[in-house]
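First up is the structure itself, then whatever we jot down about it.
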């Protein structure tokens, strides 16, 4: 763990105590989607509608878990729903693919979020991270939950080890060079 | 009254228990030669003590071996994957089906199943119809509402079919169906399969009962039955909007609504020419890669038939039969009657 990115270490230490509450939110949300939304409605959903519905359930799950928690603030900045944790981490939930990346076309605000830029209404010093869930191809189960620093700097996976929710670093040794920052770091 | 030993029923009982002649001889403490001669009719009067020993070894009451019933052979068609089924497995299935059919014929003497429609036959050649048109016609005849069929089992039972779910103990045979004089259409379903496959198989068997009154080539009949079943469960006009630009993820979302397997949806996409052969191959490759061949996501619950259980309940409740009387009627030991026909948890002997 010594060679961890200091930012990753800081963010994950901050979240560590809450991982056991965060992890089931995704499975519960998917179970809710598959059981409470009628089969006919789901059959008429496209991938976007399914992901959007799932996102709503995930966000409701976060609110149920952390709404009254000191240090946790739910923000909605021009439609972007994020969770501010002690002004140190701002977290948004996304569906991700097998490579841990989200696929839809981002808005300028979302790009700014990923680039850690200042966004009015969000704490400027907080690290912006994505908490991503990767469903299976059939949208029947959550295959993994990751916490990822956008732009590929580091990735943590939340894992259930005998009902003990932990996190592990899964940052690839060689990530595709996506930014000058990454390139500089690797060099 | 003198009772006559029924060698055919000995064979049925032995096959039902999965015994070889040697197994039975050992269990009953008689020679295999005796069993062989009994079954071949070379010894016709084995004597009461021998019959008692054989019946005891088989776990049937002696009346079973003295009954005047005549087992039926199975029709030479309607088998799926028959070629790979071993003789012993097939004999057991045949015996189990004969026993249930005998039970049913006894039960139907006092019980008339409720019936809303008839179970028609359709001559494709006479009407110049395709199996798809026949399926549409049957949906109309049975007044099936637009969209997916909620419960195929209940629908067929309301048309007078008797559906019996059995554990065939093999995945190689899904179902068998036939019409016998004086009896409703009979469909024997392997209860060990996913619910979506069960529904398709049942629709496939309905197709055989409706379309195939004269044996044709096995392949042609199977193809027609599959085409019929696909249209019966997923009428082209209604399912098409759901199948445009299909991906595996999309088909998985559609599955719980239409209650058919993802595989059946892929085939239907191809049958309705909504995808190219290349796309068809691609979807099948992705299907295998995702591991769906070993078990699909979004499982569909298997439908429960009520034909036999309703007949049993009628005898027990309305006619006041006791368990002992039911067991005598059906030529079973009371324990086996309770295990087979009631919800009592099954007990197994631990050796």
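Tabulated values for the structure
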quantity: Shape category assigned to region B:178-224 from the gyration tensor of Cα positions, a/c cut at 1.5; calculated: oblate
quantity: Neighbouring partner chain Cβ atoms per residue of B:257-266, average, 10 Å criterion; calculated: 1
quantity: Sorted by Cβ density within 10 Å, fewest first, the residues A:167, B:258, B:117; calculated: B:117, A:167, B:258
quantity: Relative packing of peptides B:262-271, A:65-74 - highest average C-beta neighbours within 10 Å first; calculated: B:262-271, A:65-74
quantity: Gyration tensor verdict on region A:44-124 (Cα atoms; rounded if a/c is under 1.5, prolate if a/b is larger than b/c, oblate otherwise); calculated: oblate
quantity: Shielding by partners, peptide B:292-299 (average Cβ within 10 angstrom, other chains); calculated: 2
quantity: Å³ per residue enclosed by the Cα convex hull of chain B; calculated: 170
quantity: Relative frequency of Cα-Cα separations exceeding 15 Å in region B:144-224, percent; calculated: 59
quantity: Antiparallel bridge percentage (DSSP; both residues within the protein assembly as shown; nearest 5); calculated: 70
quantity: On Cα atoms only, tilt of B:218-233 relative to the major axis of chain B in degrees; calculated: 60
quantity: Shielding of A:43-49 by partner chains, average beta-carbon count, 10 Å; calculated: 4
quantity: Cα-based shape type of region B:1-131, given that a ≥ b ≥ c are square roots of the gyration tensor eigenvalues and the cut on a/c is 1.5; calculated: prolate
quantity: Highest-MSF residue in chain A out of A:125, A:60, A:105 [GNM, Cα springs under 10 Å]; calculated: A:105
quantity: Calculated FRET value between residue B:289 and residue A:56, using beta carbons and R₀ = 41 Å, to 0.05; calculated: 0.85
quantity: q = 0.10, 0.13, 0.19 Å⁻¹, region A:37-187: log10 I(q)/I(0) [Debye, one scatterer per Cα]; calculated: -0.39, -0.67, -1.38
quantity: Stokes-Einstein diffusion coefficient of the protein assembly as shown, Kirkwood radius over Cα pairs, 10 °C, 1.306 mPa s, in µm²/s; calculated: 56
quantity: Spin-label model distance (nm) - residue B:179 vs residue B:89, 7 Å beyond Cα toward Cβ; calculated: 3.1
quantity: Which of B:292, A:26 has the fewest Cβ neighbours within 10 Å, and the rest in rising order; calculated: B:292, A:26
quantity: Cα long-axis angle, helix A:6-15 against chain A (0 to 90 degrees, to the nearest 10); calculated: 40
quantity: Degrees between helix B:131-141 axis and first principal axis of chain B (Cα, 0 to 90, nearest 10); calculated: 80
quantity: Residue order, fewest to most beta carbons within 10 Å, for A:27, B:216; calculated: B:216, A:27
quantity: Protection proxy ranking of A:129-138, B:312-321 - average other beta-carbon atoms within 10 Å, highest first; calculated: A:129-138, B:312-321
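We did not get these values from a lab; they are worked out from the coordinates using the rules stated. What you see is a predicted model, and the numbers here were worked out from it, not measured in a lab. FYI the Cβ positions are ideal-geometry reconstructions off the backbone, even for glycines, and counts take in every protein chain you see.
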